[in-house]
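Enquirer: Take a look at this one; I'll ask things after.
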Amino acid sequence: MKLATQNNDTRDGQLIVVNRQLTRYLPAPYPTLQSALDDWQQATGPLQACYAQLSDDSAGQVLDLKQLLAPLPRAYQWLDGSAYLNHVELVRKARGAEMPLEFLNDPLMYQGGSDTMLAWHDDIAFATEEIGIDCEAEVVVVTDDVAKSCDSTHAGKHIQLIGIVNDISLRNLIPAELAKGFGFLQSKPPTAFAPVLVTPDELTEYWHDDKLHLAMNTSINGKWFGSPNCGSDMQFNFATLIAHAATTRPLAAGTIIGSGTISNKDRTKGFSCIAELRMIETIEQGKPTSNFLRFGDTVKIEIVDKQNQSIFGAIEQQVIKA
């Protein structure tokens with residue numbers, strides 16, 4: 001099934017169930033997505049019943065995508081990994097550093113701000129371009145309650161919803177922040193979500209091994225930028241990322257876990273962030289030649305199935321001067 005949050009002039013919006021084509025919806029029997037996640041085992045039956053009704057093309061109401069907020073407009077927890085080591089290796093290689101061997105077994109992860117999540121069409125607004133505005137196309141999963149020390153063999157069963165995001169990064173702020181030794185803050189503004197989250201069964205053969213095996217399509221100003229496969233070159237699957245996050249703490253229902261920037265070793269697949277292209281340029285030419293995002297630029301991120309049907313809906317944002 002597919003779930004979204006409709007704007008009803010409250011902070012957390014109204015949970016709705018959306019049909020497969022993203023054209024019609026029914027109000028959900030739970031007020032918000034978080035309330036459904038808190039009661040997930042009991043909630044799935046009534047939610048699935050709504051979704052089954054929507055198989056009738058005349059059921060429900062016409063969906064206006066522009067009325068959708070982020071599926072979780074604010075979340076209890078947002079933990080972003082870096083599961084694609086090709087991306088990590090390129091970052092280090094561009095500055096002449098080797099990737100530590102422990103990165104092969106120990107995932108990178110940081111805790112991001114989750115009190116404000118952007119809708120799919122919200123502008124990317126900043127006062128200056130000099131901060132290095134970049135897109136990052138990622139896959140995310142949403143969990144139910146996960147016990148502390150849950151291991152990777154059991155963590156996959158806690159994946160209840162899957163989606164895609166634009167994890168906006170301010171590249172020119174990152175070096176100084178990381179040099180302090182205390183992690184990201186100002187360099188990681190709110191993240192934008194595609195219109196809907198979907199249950200794993202909705203992805204059929206595209207979801208296995210706790211990975212999504214489809215291309216992540218990114219375009220900038222209408223021009224193709226990349227279509228790397230989300231399942232290829234993913235060193236750590238989502239079960240491993242969840243287990244890593246739960247090593248010393250329980251995870252509350254509604255926790256969002258990110259994959260990190262989708263990145264393939266095959267460069268013909270393109271990129272999911274501008275920083276990676278600039279790394280390649282630095283390695284090959286001695287310096288980057290591509291610009292980060294400028295005011296007026298547009299970014300589109302989307303995943304489609306083999307029938308060219310959008311699964312999560314598209315993220316379409318414009319960069320504007322605040």
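Enquirer: For GLU98 and THR298, compute 0.36 nm times the residue count separating them, minus their Cα-Cα distance, and round to one decimal in nm.
Expert: The span from GLU98 to THR298 would gain 68.6 nm if fully extended.
Enquirer: A follow-up question, please. Between 0 and 90 degrees, rounded to the nearest ten: what's the tilt of helix 274-285 against the longest Cα principal axis of the chain?
Expert: Approximately 20 degrees, to the nearest ten.
Enquirer: In a shell of Cβ-Cβ distance under 14 Å around VAL17, excluding VAL17 itself, what net charge do Lys and Arg (+1) and Asp and Glu (-1) give?
Expert: Once positives and negatives cancel, what remains is +1.
Enquirer: Note down, for region 69-201, the three equivalent ellipsoid semi-axes (square root of 5 times each alpha carbon gyration tensor eigenvalue), biggest first, whole angstrom.
Expert: Each semi-axis is √(5λ); the values are 25, 22, 13 Å.
Enquirer: A follow-up question, please. For LEU178, tell me the accessible area in Å² from a 1.4 Å probe, rounded to the nearest 10.
Expert: The value for LEU178 is about 90 Å².
Enquirer: Now a separate question. Give me the accessible area per residue for the chain, probe 1.4 Å, as a whole number in Å².
Expert: Normalised by residue count, the accessible surface of the chain is 44 Å².
Enquirer: Here is a follow-up. Normalise the Cα radius of gyration of region 93-139 by 2.2 N^0.38 Å (N = residues in it) and let me know the number.
Expert: Cα-based Rg divided by the globular estimate yields 1.67.
Enquirer: Multiply the residue gap between ASP209 and LYS180 by 0.36 nm, knock off their C-alpha separation, and tell me the result in nm, one decimal place.
Expert: 6.7 nm
Enquirer: Another question, if that's okay. Suppose each label sits 7 Å from its Cα in the direction of the beta carbon; what would the ALA252-ARG11 distance come out to in nanometres?
Expert: 1.1 nm
Enquirer: Moving to a separate point now. Whenever you get a sec, compute what percent of the accessible area on the chain sits on carbon and sulfur atoms (1.4 Å probe).
Expert: The computed percentage sits at 49.
Enquirer: Moving to a separate point now. In Å, the Kirkwood hydrodynamic radius of region 253-322 over pairs of distinct alpha carbons?
Expert: Over region 253-322, the inverse of the mean reciprocal pair distance is 14.9 Å.
Enquirer: Here's something else I'd like to know. Quick one: what Rg and Dmax do you get for region 154-264 from the alpha carbons, in Å?
Expert: 15.6, 44
Enquirer: Here's a follow-up. Angle between the Cα long axis of helix 40-53 and the longest principal axis of the chain, 0 to 90 degrees, nearest 10?
Expert: For helix 40-53, the angle is close to 70 degrees.
Enquirer: Select from GLU98, GLU302, GLU138 the residue whose mean-square fluctuation is largest in a Gaussian network model of the chain (Cα-Cα springs shorter than 10 Å).
Expert: Result for the chain, Cα springs under 10 Å: GLU98 fluctuates most.
Enquirer: Provide Rg and Dmax in Å for region 207-300, with only Cα atoms included in the calculation.
Expert: Expressed in Å, the Cα Rg and Dmax of region 207-300 come to 16.1, 47.
Enquirer: While we're here: To test your reading of the geometry: what angle, between 0 and 90 degrees and rounded to tens, separates the Cα axis of helix 85-94 from the longest principal axis of the chain?
Expert: It works out to around 30 degrees.
Enquirer: Provide the descending list of Cα extents for region 269-309 along its principal axes, expressed in whole angstroms.
Expert: Projected onto the principal axes, the Cα atoms of region 269-309 cover 42, 25, 9 Å.
Enquirer: In Å, what is the Rg of the alpha-carbon atoms in region 1-129, and how long is Dmax?
Expert: For region 1-129, the Cα radius of gyration and maximum Cα-Cα distance read 19.6, 59 Å.
Enquirer: While we're here: Evaluate the Debye formula for the chain with equal point scatterers sitting on the alpha carbons, no solvent, and hand back log10 of I(q)/I(0) at q = 0.07, 0.13 Å⁻¹, in q order, two decimals.
Expert: The computed values of log10 I(q)/I(0) come out as -0.26, -0.94.
Enquirer: Something else now. Just how much of GLU102 is accessible, in Å², when a 1.4 Å probe is used and the result is rounded to the nearest 10?
Expert: GLU102 has an accessible surface of roughly 110 Å² with all protein chains in place.
Enquirer: All other residues with a Cβ under 13 Å from the Cβ of THR289 taken together, and with Lys, Arg as +1 and Asp, Glu as -1, what is their net charge?
Expert: Overall, the nearby charge balance is 0.
Enquirer: P(r) of region 7-83 in 10 Å steps, Cα pairs, percent per bin?
Expert: 18, 44, 31, 7, 0
Enquirer: Which entries of LYS93/LYS287; LYS211/LYS265; LYS157/LYS269; LYS188/LYS211; LYS188/LYS321 have Cα-Cα distances beyond 21 Å here?
Expert: LYS157/LYS269; LYS188/LYS211
Enquirer: While we're on this one: Provide CYS135, CYS150 ordered by accessible surface of protein heavy atoms (probe 1.4 Å), highest first.
Expert: CYS150, CYS135
Enquirer: Residues of region 36-60 with amide nitrogen under 15 Å from the 7 Å Cα-to-Cβ point of ASP145?
Expert: 36-43
The values are calculated or read from the model by the stated rules, or taken from the named source; none is laboratory data. All values derive from a computational prediction rather than experimental measurement. Positions of Cβ are generated from backbone atoms using ideal geometry, with glycine treated the same way; all protein chains shown enter the neighbour counts. Surface areas here come from the heavy atoms of the whole protein model, side chains and all, with no ligands, DNA or RNA. Shrake-Rupley method; radii C 1.70, N 1.55, O 1.52, S 1.80 Å.
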